[in-house]
Amino acid sequence: MFGITLSPIWQKNFSVLGGATGGMALFSIGIILYVKKPKLNLAVWMNTLSRTVFVPLVIFLVMMFFKVDRSVINMTTMTMGITVAAISTIFANQYKVAEQEMASTLFLSNIISIFSMGLIIVFLKI
């Protein structure tokens, strides 16, 4: 990014770390959802729908309004539609704030993102 080239040893370290991150996130999601059984209420639905539907839609419209390059719009909209990250649930558990709601949001957003990501792919013709 700044014209700095990492040595192959450092590149390999970051590749290994990046490859393990997804697996660890899935593992932690499994543990969290086992401990905190999902309970769907209005707050969970609003949180999930705003994150998986509303945010990507708003980002898309704003970027279209400012005539951003189409490939950037596609990548950004797709990225914003990705399911809620496990880290928010981990922080909720650590600080004992809205633990049940975040675990439920994590669960529901994974289910809804299957459909919302599919719609984004079809709509944007990616």
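The values are calculated or read from the model by the stated rules, or taken from the named source; none is laboratory data. On a predicted model such as this, the values are computed, not experimentally measured, just so you know. Glycine gets a Cβ as well: all are built from the backbone with ideal geometry, and neighbour counts include every protein chain shown. Surface areas here come from the heavy atoms of the whole protein model, side chains and all, with no ligands, DNA or RNA. Shrake-Rupley method; radii C 1.70, N 1.55, O 1.52, S 1.80 Å.
Annotations
- Total residues in region 114-126 satisfying the condition of being surrounded by 12 or more Cβ atoms within 10 Å (Cβ to Cβ) and not hydrophobic (A, V, I, L, M, F, W, C): the figure is 1.
- Matching residues in region 81-113 - criterion: being among the charged types (D, E, K, R) and open to solvent by less than 80 Å² (accessible area, probe 1.4 Å): Glu99, Glu101
- Of all the residues in region 1-39, those that are at pLDDT 80 or above, over 21 Å from the mean Cα position of the chain (by Cα) and of a type in the set (Gly, Ala, Ser) number 1.
- The residues listed here are Ser71, Ser50; of these, the one that is farther than 29 Å from Ser28 by Cα and without any contact (Cβ under 8 Å) to a residue 12 or more places away in the chain is Ser71.
- Residue match in region 53-60 (condition: touching a residue at least 40 places away in the same chain (Cβ under 8 Å), under 25 Å from Leu33 (Cα atoms) and open to solvent by 30 Å² or more (accessible area, probe 1.4 Å)): yes
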